[in-house]
Amino acid sequence: MSDTPETRNVVIIGSGPAGLTAALYTSRANLEPLVIEGIQAGGPTGGQLTLTTDVENYPGFPEGIMGPELIQHMRAQAERFGTQYWTEDVTELDLSQRPFHVKTGTQEVYAHTVILSTGARPRRLDVPGEDELWGGGVSACATCDGFFFRDKEVVVVGGGDSAMEEATFLTKFASKVTVVHRRSELRASKIMQDRAFKNPKVEFVWDSTISEIHGENGVVSGVLLENVNTGETSEFPTDGVFLAIGHIPNTRLVEGVVDTDANGYIQVIEPTSRTNVEGVFACGDVMDPNYRQAITAAGSGCKAAIDAERHLAELHA
Ligand code: NAP
């Protein structure tokens, strides 16, 4: 640990589109932000976007752009205005003292404001083949990857609103969408269920889980279905597997200190990005269970930066 940790105006935790946009805005406001970009704690440096391939729905790139490249551009743009980066995970965050105290495994820093942009991670099945075929037909984002399944057959796992939404959305491209759900009843709201039931391209496999994902040459070729009542297994050929079994917001650092909603997402005081802890702001997927898009994350990062800037102006007035 350094002897005399410095005090920063802004420390941003997380380096997806939300954190990097907050960095861009606060650096352009001469606040010299520090981004602690993480290594692997809640996901990769640069967030979930670095796990995707073509991003075709981020405005400004008519030909599309690769996810990791988009993140690199955002990172470089914020760096140009004086953003500093630590490529480490935050291990401790003490919000009970002012300025706030932030520690990584090797360094520490004090902060007048903290912007939380730690993102969320899709819940995984934890079955053989899932990691190896991630990006090769296994996805947790129909909006991002559905386009690549034109006239193909896909499986959606889950029985909630997300699964129904993903299944219905995927019928725009896929020739057949099979929802695999572990019970015989959906959790999704009636309206979302009805929409899926009415869609002739959507079929259901009930009382079943996926116990293995199989691939050929790095591309999904099928799944092993297991009936939860009988234990019977069967091979089910498919071109893609979309997981819609929920997301897990990365809130470990602020558990019990920053307010969260019933699903564990950080609660902000709408329409701002303020949390219940004065001087702490949240943006991106860690506070957004609804949209979860790079562009909405970036927009909320901009809001957090402006809110932090205003808070600092009040502090130093
Ligand atoms: P969710 O409601 O928690 O549903 C998750 C689904 O995945 C459940 O059906 C669950 O099965 C299943 N599941 C969980 N773990 C599993 C596992 N390991 N293996 C197999 N299946 C598993 O999550 P969500 O659908 O993402 O929705 C989250 C919140 O966002 C909800 O409040 C939802 O209403 C909201 N949302 C709203 C909209 C909308 O209104 N447009 C769209 C998306 C999401 P069980 O049912 O057996 O537990």
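The values are calculated or read from the model by the stated rules, or taken from the named source; none is laboratory data. Quantities reported herein were computed from a predicted structural model and do not represent experimental measurements. Every residue, glycine among them, receives a Cβ derived from its backbone with ideal geometry; neighbour counts consider all protein chains shown.
Things worth noting here:
- Qualifying residue in the range 184-192 (condition: assigned to a strand (DSSP E or B), more than 11 Å from the ligand (Cβ to nearest atom) and either of a type outside the set (Ser, Thr, Tyr) or buried (at least 16 other Cβ atoms within 10 Å of the Cβ) (or both)): no
- Only one of the numbered conditions (1) touching a residue at least 12 places away in the same chain (Cβ under 8 Å); (2) of a type outside the set (A, V, I, L, M); (3) surrounded by fewer than 20 Cβ atoms within 10 Å (Cβ to Cβ) is not met by Ser234, and that is (1).
- Qualifying residue in the range 285-301 (condition: over 16 Å from the mean Cα position of the chain (by Cα) and either on the phi > 0 side of the Ramachandran plot or touching a residue at least 24 places away in the same chain (Cβ under 8 Å) (or both)): no
- If you go through the range 169-180 and keep only what is surrounded by 16 or more Cβ atoms within 10 Å (Cβ to Cβ) and touching a strand residue (DSSP E or B) at 6+ places or on another chain (Cβ under 7 Å), you end up with Leu170, Thr171, Ala174, Lys176, Val177, Thr178, Val179, Val180.
- Selection within the range 48-66 - closer than 18 Å to Gly284 by Cα, at pLDDT 75 or above and in contact with an Asp or Glu (Cβ under 8 Å, 6 or more places away or on another chain): Gln48
- Scanning the range 233-271 for residues that are farther than 17 Å from Arg292 by Cβ and among the hydroxyl-bearing types (Ser, Thr, Tyr) gives Thr233, Ser234, Thr238.
- Search result, residues across the range 293-310 that are in contact with a Gly (Cβ under 9 Å, 6 or more places away or on another chain) and surrounded by 20 or more Cβ atoms within 10 Å (Cβ to Cβ): Ala294, Ala297, Ala298, Ser300, Gly301, Ala304, Ala308
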